[in-house]
Amino acid sequence: MWTADEIARLCYEHYQTRLPKQGKPEPNREWTLLAAVVKIQPATDQACGSANKPVQGDILNDSHAEVIARRSFQRYLLHQLHLAAALKENSIFVPGTQRGLWKLRQGILFVFFSSHTPCGDASIIPMLEFEDQPCCPVSIRWANKPSEEASGNPETPEDEKKYEDLGSPVTKKMRLEPGIPDGVAHCQSLDNQESGPVPPTVSSSNVPTQELATVAGRAPSGAKVVDVYRTGAKCVPGEAGDSGKPGAAYHQVGLLRVKPGRGDRTCSMSCSDKLARWNVLGCQGALLMHLLEEPVYLSAVVIGRCPYSQEAMRRALTGRCQNVSALPKGFGVQEVTIQQSGLLFEQSRGAVQAKRADSPGRLVPCGAAISWSAVPEQPLDVTANGFPQGTTRKAIRCLQARSQISKVELFRSFQKLLSSISEDKWPDSLRAQKLETYHEYKEAASTYQEAWSALRKQAFGSWIRNPPDYHQFK
Ligand SMILES: [Zn+2]
């Protein structure tokens, strides 16, 4: 069995030792986020992690770390399907019971790691009364694991010591394999509010307690909730909306939200919403579902050290979909394990802020994103504002400028995989009709589409969808 700290440590180490300097934040001035998918397998060897951050591709308008990590993960899954189709024994996939379909080898699990809570609902976190006390002058407080949450200010020497002691060897049973593909974080959003919870700009300690129920609830410790950390993610049209009142009543919880930050706000749902969706539909997406007997689910989500609420995470990731039923065979609302690690990501906003003390200049999010996948060809992909770093304006439109984890490239890789399989071994969903565009391939993944429509109908009716013309490429 793994622990949250082991997962966090593997991801941080992978980031430090396996990812290039290019694309990482400039010391003392920039910060970033890290998200990864870690493969756990039953015995032996170790592995390769994946971590990362941000990238985004041609037309990819969503570069939050979670999204990049998920796309990098899809790239990894595609590679593993290539291995399986070529009958290689080292694939994580083995033949399923129906023609053309594969399933995960027994005992393989995936754990999602993020150095911060996902933007949106999971980042609306109660701020407790004791946090306002003068002994804690810092504007962001780092909560430890929930059980420790009320036990005092974590920024004590004792805690620092805890971090230094982390050098214990990573368990040999764990194998880390990183996913990452879809967009990590920040690349594009230059707005501080885009990621993770932020303390309210105005803090009021005189909020009447009855208002708390709507927002933050009451801390399990019984401490009075005086305010909430806020998310810059706005509610989607059709949802009730935030009250905007000062203090703990500021946000309405449990709502669908669009990503904070600049860019086209109408296109991207917040990471909390996406994680909740993956917990019902899987992380593989519609395309890969053509070749899989069951969705690929995350068995756990681990968050690094940051302001954190177990209740908010649970509500955002699983609470909203709990009663969804009538899903097609193989799909189901997962009981994902949610844990926090006490280990801080050294290039997170909080860590950089603490280190730089009074250095002049503004602290800004890093503009580049790094994607890494455990695949043999071009595992790394560094982008700035969505395109590979150094791309000229002229080159931006050409193929080379495209990120490996853009929809176009993932689709290309999917088609290449299909062409390596003889047509008589294709699954029924692909034999029924001649498919051409990305949109057609996605629509033809019938069980996936059926599950998605059940989820929308029962829980996520206001989800904003991309217009179909966005997906007409071949
Ligand atoms: Zn996000």
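The values are calculated or read from the model by the stated rules, or taken from the named source; none is laboratory data. Since the model is a prediction, treat every value here as computed from it, not as a measurement. When we count neighbours, we look across all protein chains shown, and the Cβ atoms used for this are built from the backbone with ideal geometry, even at glycine.
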| request: Collect the residues in the stretch 432-457 that are part of a helix (DSSP H, G or I), of a type in the set (Ser, Thr, Tyr) and more than 22 Å from Val333 (Cα to Cα), keeping them in residue-number order. | output: Tyr438, Tyr441
| task | Can you tell me which residue among Cys283, Cys267 is under 28 Å from Glu13 (Cβ atoms), within 16 Å of the ligand (Cβ to nearest atom), of a type in the set (A, V, I, L, M, F, W, C) and in a loop (DSSP other than H, G, I, E, B)? | result | Cys283
| Just one of Arg305, Arg314 is of a type in the set (Lys, Arg), surrounded by 24 or more Cβ atoms within 10 Å (Cβ to Cβ), in contact (Cβ under 8 Å) with a residue 24 or more places away in the chain and away from the ligand (no atom under 15 Å from the Cβ); which is it? | Arg305
| query | Within the set of pairs 6 or more residues apart or between chains, which connect a residue that is touching a residue at least 12 places away in the same chain (Cβ under 8 Å) and surrounded by fewer than 20 Cβ atoms within 10 Å (Cβ to Cβ) inside the stretch 357-381 to a residue that is part of a strand (DSSP E or B) and β-branched (Val, Ile, Thr) with Cβ atoms less than 9 Å apart? | reply | Leu380/Ile370
| Gly342 modelled with pLDDT under 90 and among the small types (Gly, Ala, Ser) | no
| task | Please give the number of the condition Asp273 fails out of (1) at pLDDT 95 or above; (2) among the acidic types (Asp, Glu); (3) outside any helix (DSSP H, G or I). | result | (3)
| Filtered residues of the stretch 28-42 (kept if assigned to a loop (DSSP other than H, G, I, E, B) and either without any contact (Cβ under 8 Å) to a residue 12 or more places away in the chain or of a type in the set (D, E, K, R) (or both)) | Arg29
| task | State whether one or more residues within the stretch 241-260 are in a strand (DSSP E or B), crowded, with 22+ Cβ neighbours inside 10 Å and more than 15 Å from the ligand (Cβ to nearest atom). | result | no
| If you check every pair at least six apart or on different chains, which have Cβ atoms under 7 Å apart with a residue in the stretch 221-238 that is modelled with pLDDT of 80 or more and hydrophobic (A, V, I, L, M, F, W, C) first and a residue that is more than 16 Å from the ligand (Cβ to nearest atom) and assigned to a strand (DSSP E or B) second? | Val228/Pro126; Val228/Met127
